[in-house]
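What follows is calculated from the coordinates using simple rules that are stated; it is not laboratory data. Remember, it's a predicted structure, so these values are computed and weren't measured experimentally. Cβ sites come from the backbone with ideal geometry, for glycine too, and all protein chains shown count toward neighbours.
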Amino acid sequence: MPATITELSRIGLLSSLPGEQLNVLATRMQREELQPGAVAVEQGEPGERFYVVLSGLLNVSQGGRGGRTVLKPGDYFGEVALAMDIPRTATVRAMTPSVVASCDRATFDELVRPLFADDV
């Protein structure tokens with residue numbers, strides 16, 4: 001089941017997308033439920049998808065440093081590997097039952113990457 005426009009409009013980064021683009025993005029985002037302990041992305045793996053957190057809490061860790069931060073609804077991850085074409089820089093693991101939505105590289109490049117250019 002794809003993400004909904006309402007869910008994506010709650011993601012700060014995506015809220016600035018015009019309605020038509022948000023609708024296109026919603027149809028391309030794949031929803032995934034994660035149980036506690038499940039890994040969404042693994043450090044060192046190729047980055048092929050961009051993720052947004054719809055519900056739950058996820059832990060971000062790097063190498064032997066342990067937990068670095070906690071992601072909550074409205075947060076996103078996976079953009080660094082896609083934008084810089086490098087392996088994943090961290091592991092993201094569900095702490096609680098969580099729901100994420102993700103899109104592939106082509107969709108990220110078309111609809112999401114330009115939003116990062118606006119931040120610079």
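For region 17-42, which positions are over 19 Å from Asp104 (Cβ atoms), surrounded by 12 or more Cβ atoms within 10 Å (Cβ to Cβ) and either of a type in the set (Gly, Ala, Ser) or in contact with a helix residue (DSSP H, G or I) (Cβ under 7 Å, 6 or more places away or on another chain) (or both)?
Scanning region 17-42 gives a single hit, Ala38.
I need every pair where a residue in region 14-30 that is over 15 Å from Gly74 (Cα atoms) has its Cβ under 7 Å from the Cβ of a residue that is part of a strand (DSSP E or B) and of a type in the set (Gly, Ala, Ser), sequence separation at least 6 or different chains.
Hits for this filter: Gln30/Ala101; Gln30/Ser102.
Tally time: how many residues in region 10-43 are within 30 Å of Ser61 (Cβ to Cβ), of a type in the set (Val, Ile, Thr) and in a helix (DSSP H, G or I)?
Here the count works out to 0.
State which residue is surrounded by the fewest Cβ atoms within 10 Å (Cβ to Cβ) when the search covers only region 45-74 and only residues that are without any contact (Cβ under 8 Å) to a residue 40 or more places away in the chain and part of a loop (DSSP other than H, G, I, E, B).
Among them, the one singled out is Gly66.
Among the residues of region 1-9, is any touching a Ser or Thr at 6+ places or on another chain (Cβ under 7 Å), in contact (Cβ under 8 Å) with a residue 12 or more places away in the chain and not in a helix (DSSP H, G or I)?
yes
Take region 75-89 and flag every residue that is part of a loop (DSSP other than H, G, I, E, B) and either of a type in the set (Val, Ile, Thr) or buried (at least 17 other Cβ atoms within 10 Å of the Cβ) (or both).
Residues satisfying the conditions are Asp75, Gly78, Ile86, Arg88, Thr89.
Among Ser102, Ser98, which is closer than 18 Å to Ala3 by Cα, surrounded by 14 or more Cβ atoms within 10 Å (Cβ to Cβ), more than 12 Å from the chain's Cα centre (by Cα) and of a type outside the set (Phe, Trp, Tyr)?
Values: Ser102 fails: more than 12 Å from the chain's Cα centre (by Cα).
Within the list Ser102, Ser98, the selection yields Ser98.
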